[in-house]
1. May I ask you to list the residues in the range 129-172 that are within 22 Å of residue 64 (Cβ to Cβ) and under 11 Å from the mean Cα position of the chain (by Cα)?
2. Can you run down the residue pairs with Cβ atoms below 7 Å, 6 or more apart or on separate chains, where the first is in the range 135-147 and assigned by TED's automatic domain parsing to the domain that holds residue 161 and in contact (Cβ under 8 Å) with a residue 24 or more places away in the chain and the partner is loosely packed, with under 15 Cβ neighbours inside 10 Å and part of a strand (DSSP E or B)?
3. Give me the strands (runs of 3 or more DSSP E) completely within the range 150-255, filtered to those with at least 2 residues that are surrounded by 12 or more Cβ atoms within 10 Å (Cβ to Cβ) and touching a residue at least 60 places away in the same chain (Cβ under 8 Å), ordered by residue number.
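The values are calculated or read from the model by the stated rules, or taken from the named source; none is laboratory data. Everything numeric here is computed off the predicted structure, so don't read it as measured data. Here the Cβ positions follow ideal geometry from the backbone for every residue, glycine too, while neighbour counts run over all protein chains shown.
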């Protein structure tokens, strides 16, 4: 019975000593979290009005948010009576150990910063990097997310993106569609070029400037190959690509121009 009373008294003393500090720390955390949300929301509105790029907005807001949260946690811990200087030393030592263990992640973080500064691509751009092709969906602190033509989500570390070759098909606002159409050697070259060029100029997705072109590409073994090259906006690339092949075939058939293909000849043995 006496031990129980001792424990109760000990608990009451602890509650009396640390209770106010704990309640204050909880209150500081709740209010601080609310204030941080307000600050981030206000900062987001300011960035939107200043027409910051969407990817840069997300990056800076995430960085700013985590910085404020770290300061809040330090403030809460100091209110509990923990020596902040000692805590900071422990954090620094732990940070060094974690930094050594997470060199790849730090490299990706640095790569993300470089991508934000130099902006080799933006959200919505069609890019080719690290052996994959896709539209940029999101640029995060550590990774870049692409959506492939097959609608697959591709997640690439920013360290690799910043240090590798990047082909941006959207940056110039237009892209050339390279297709090759072959016709029989007996067909008239000028007439063929007129038919193929007519296909390109009749497609509303093909740009007038730069103008589309049709030229003899090579004299192949069984066909005269034409380089059929329209320009279009990057988002219309596949529509123009497939339409060019289909409409060229239809137009050549209508004009009576033959596209060569293998023929099978049956040779009958003499009786």
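1. If the condition is that a residue be within 22 Å of residue 64 (Cβ to Cβ) and under 11 Å from the mean Cα position of the chain (by Cα), then 138, 139, 140, 143, 144, 145, 158 are the ones that fit.
2. Matching pairs, first to second residue: 143/155.
3. Numbers: elements: 153-157, 166-168, 179-183, 213-219, 224-229.
Those strands (runs of 3 or more DSSP E) span 179-183.
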